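Report on the structure given below.
Any read-out appearing in this document is the output of simple, stated calculations on the displayed coordinates, not a laboratory observation. Everything quoted here is computed from the prediction, not taken from an experiment. Note that we place each Cβ from the backbone using ideal geometry, even for glycine, and neighbour counts take in every protein chain shown.
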Amino acid sequence: MSIRVAIADDHALVRAGFRALIEAEPGLEVVGEAADGAEAIELARTAEPDVVLMDIRMPGTDGVAATGQITSREVTGRPARVLILTTFDLDEYVYAALRAGASGFLLKDAPRRDLIAAVHAAAAGDALLAPSVTRMLIEAFARRPAGAVPAPSRLASLTAREKDILLLVARGYSNAEIARELYVGEATVKTHIGHLLAKLGLRDRVQAVILAYETGLVVPGAPGS
């Protein structure tokens, strides 16, 4: 079964470029295009894409607001994964988009192979931020004023091992690095991550990283962080 992709960008040439790249890849199909956030939300309702490539800055309803709607089951019924497209690796709006439920971000000038890999990763629910990007992006994000009050009690349902793994995920470790650190197999790590996401009601690894910072499990600049 093909991965269904929707493209939201206010520039027609940009949409055409992404469409050409995606449709040239076996196993991927473009199910629609949107020129702004409102159109993207409607497209998510009607076309039910697996992944939405979302421009973050668009007129009217922007990519942040659209992401919050599209990733909400109450709005779309079948939430899609949102991959934010930006021209800057630390665009101010990226932080808000991650809070809104985006699964990661991609630079618009990224190589084709990175785009295709990101779409596949998003559809599978895997990590979309490389460990090095996680460290840079999330620590910068965490230093900004947070809208929520830290609530360590949210982590109370986790086992000690799950909390250890969440801590390493938040520090930017890959599954392979976590496995080496804890002397377990990668499959075991993936299972633990799945369990902790379910317990915390989180969509993916990116949300887990953000929660770890917001609850104070990891403090930017602290030893070990």
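Give the lysines reachable from residue 199 as a straight Cα distance under 18 Å; neighbours fewer than 8 places away on the same chain don't count.
163, 190
Need one number: the % of Cα-Cα pairs in segment 10-124 sitting beyond the 25 Å mark. It would help to have the intermediate numbers written out before the result.
Details: 712 of 6555 pairs.
Value for segment 10-124 (Cα pairs over 25 Å): 11 percent.
Place the peptides 13-26, 37-50 in order of packing, highest mean first, counting for every residue the other Cβ atoms within 10 Å and averaging per peptide.
Sorting 13-26, 37-50 by mean packing, highest first, produces 37-50, 13-26.
What is the Cα radius of gyration of segment 1-77 over 2.2 N^0.38 Å, N being its residue count?
On the way: Rg = 11.7 Å, N = 77, 2.2 N^0.38 = 11.5 Å.
In units of the globular-protein estimate, segment 1-77 measures up at 1.02.
Binned at 5 Å from 0, what are the whole-percent values of the Cα-Cα distance distribution for segment 156-201, short to long?
P(r) over segment 156-201, rounded to whole percents: 5, 26, 38, 22, 9, 0.
Between residue 163 and residue 114, what is the FRET efficiency for a Förster distance of 22 Å, r being their Cβ-Cβ separation, to the nearest 0.05? Write down the numbers at each step before the final one.
On the way: r = 32 Å, r/R0 = 1.45.
Once the sixth-power term is evaluated, E becomes 0.10.
Applying 1/(1 + (r/R0)^6) with R0 = 35 Å to the Cβ-Cβ distance of residue 107 and residue 153, what FRET efficiency is obtained, to the nearest 0.05?
On the way: r = 37 Å, r/R0 = 1.06.
After rounding, the FRET efficiency stands at 0.40.
How do the peptides 198-209, 156-167 rank, highest first, by the average count of neighbouring beta carbon atoms within 10 Å per residue? Write out the running numbers ahead of the final one.
On the way: 198-209: 18.3, 156-167: 16.2.
Output ranking for 198-209, 156-167: 198-209, 156-167.
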